[in-house]
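The values are calculated or read from the model by the stated rules, or taken from the named source; none is laboratory data. It should be emphasised that the depicted structure is a prediction, and the values quoted were computed from it without experimental measurement. Note that each Cβ is placed from the backbone with ideal geometry, even for glycine, and that neighbours are counted across all protein chains shown.
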Amino acid sequence: MHKLRKGDEFMIMKGINCKRQNFMAALAGVLLLLFMAGICTCQPSVLQTPALGESGPQGCSACGQDNQITQIDYETEAILPITQAAESVTSDNGLESSTFGAAPIPVTLGSPSGTISSGSPTYVWNKVTGALFYALEVKNSLNAVVIKQWYNGTDTTGSETPTVTLAAGTYTWRILAWNIDGYSWSSANTFTVCSSTSLPGKATLVSPKGTIGTAKPTYQWKTVNGATRYHLKVSNINDPNNPVIYAWYDASEVVDGLNCYIKPDTAIAEGSYKWWIQTGNCNMEGPWSNYAAFRFANVSPGRPSTISPSGLVSTSSPTFIWTAVKNAAGYHLHVENDTATVYDLDYSAEEVTSGSRARARLPAALPNDQADYYWMVQAYNDAGTSSWSSLRHFELVCRG
């Protein structure tokens with residue numbers, strides 16, 4: 001299947017709109033018009049009907065251009081430019097403005113739907129009268145596009161299998177039908193890819209634990225092989241039968257490498273809590289984890305103490321270390337030199353705390369045109385902020 005290049009789009013649309021008796025003359029006029037307007041025109045056979053590529057209309061490779069559409073916003077980045085260009089060319093040449101008289105009607109979707117076992121399904125829809133091209137769009141549970149593919153209406157049978165293999169999870173898909181008079185979207189179908197037939201294991205909880213200072217903590221646990229979803233349960237220890245948080249999350253929403261993270265928008269009241277994670281996949285529910293306990297205390301955190309860097313430092317990318325303080329939800333790190341502030345940064349307590357210490361790295365090395373630096377840190381939570389730590393000095397030597 002050939003990809004439609006920038007010049008090809010106009011030739012196809014001219015061909016379908018030209019009067020039969022003037023086909024060759026009109027096509028020559030279109031090419032001349034494009035050339036005079038400075039538009040790149042590649043030279044395929046006029047008898048070919050090349051298809052649009054995976055990302056929509058392509059740039060003209062013969063002219064060294066790269067006009068490949070990288071967004072899935074068909075209306076603004078693919079459909080409208082083609083339609084407007086076609087209307088402009090036909091109008092300028094006095095040709096009839098419509099071949100079909102109306103946009104194609106929405107297609108009806110077939111499969112996939114429901115739960116499927118393969119990450120490479122075949123997408124089936126009914127072809128409709130007057131559709132020159134079809135566009136397949138597939139989104140994951142985060143509403144992010146994972147497949148975007150155009151198909152020539154003449155070549156496709158309405159049954160296509162893209163080369164993209166989907167991971168386990170839930171997806172929606174729909175089809176766009178297009179001709180020179182307009183386009184229409186189908187309704188969306190939902191399906192779930194479930195390649196696992198075994199029960200997922202038990203999750204290991206990471207945080208929160210101990211005393212925290214935020215009413216909306218981030219819950220963190222280890223990723224479990226075979227789990228495509230996770231169930232979070234949070235209960236006040238005085239009312240265990242009425243969870244304050246009880247929700248399932250798709251793995252794509254929470255998995256980040258070897259860990260899972262979720263920060264629900266539900267604020268908890270002061271008190272002591274237990275929380276659990278249950279694993280699951282699209283076939284069954286797995287076991288609950290052991291519980292972890294924490295206490296939310298709505299009191300401002302204490303004042304942290306700076307530890308390192310201090311004195312002479314031989315690297316421009318030092319690790320900043322300070323004492324972790326009780327009830328802290330996060331920390332402000334301030335770094336300055338003799339003339340200006342270099343960094344003002346925020347870190348969550350969960351990402352920097354390990355035992356009695358908090359450790360953080362800067363996003364980039366310190367400027368090497370300065371030797372003397374000063375830094376301090378402040379803790380905060382929902383109740384307020386601590387006072388700043390004392391200002392600590394260090395000097396870069398043998399920088400690198």
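Residues that are among the hydroxyl-bearing types (S, T, Y), assigned to a loop (DSSP other than H, G, I, E, B) and surrounded by fewer than 15 Cβ atoms within 10 Å (Cβ to Cβ) within region 345-400 comprise S356, S387, S390, listed in sequence order. Restricting region 208-229 to residues that are farther than 30 Å from S120 by Cα, of a type in the set (S, T, Y) and within 25 Å of the chain's Cα centre (by Cα), the residue that is surrounded by the fewest Cβ atoms within 10 Å (Cβ to Cβ) is T218. The combined condition, being surrounded by 17 or more Cβ atoms within 10 Å (Cβ to Cβ), outside the structural domain of K263 (by TED's automatic domain parsing) and over 27 Å from Y219 (Cβ atoms), is fulfilled by V335. Of everything listed in (1) under 22 Å from C194 (Cβ atoms); (2) surrounded by fewer than 18 Cβ atoms within 10 Å (Cβ to Cβ), the single unmet condition for D265 is (1).
State whether the residues of region 346-359 include one that is of a type in the set (A, V, I, L, M, F, W, C) and more than 23 Å from R295 (Cα to Cα). No; the residues of region 346-359 include none that is of a type in the set (A, V, I, L, M, F, W, C) and more than 23 Å from R295 (Cα to Cα). Return a yes/no flag: does region 182-191 have any residue that is touching a helix residue (DSSP H, G or I) at 6+ places or on another chain (Cβ under 7 Å), touching a residue at least 12 places away in the same chain (Cβ under 8 Å) and surrounded by 14 or more Cβ atoms within 10 Å (Cβ to Cβ). Within region 182-191 (the criterion being touching a helix residue (DSSP H, G or I) at 6+ places or on another chain (Cβ under 7 Å), touching a residue at least 12 places away in the same chain (Cβ under 8 Å) and surrounded by 14 or more Cβ atoms within 10 Å (Cβ to Cβ)), the answer is yes, since at least one residue qualifies.
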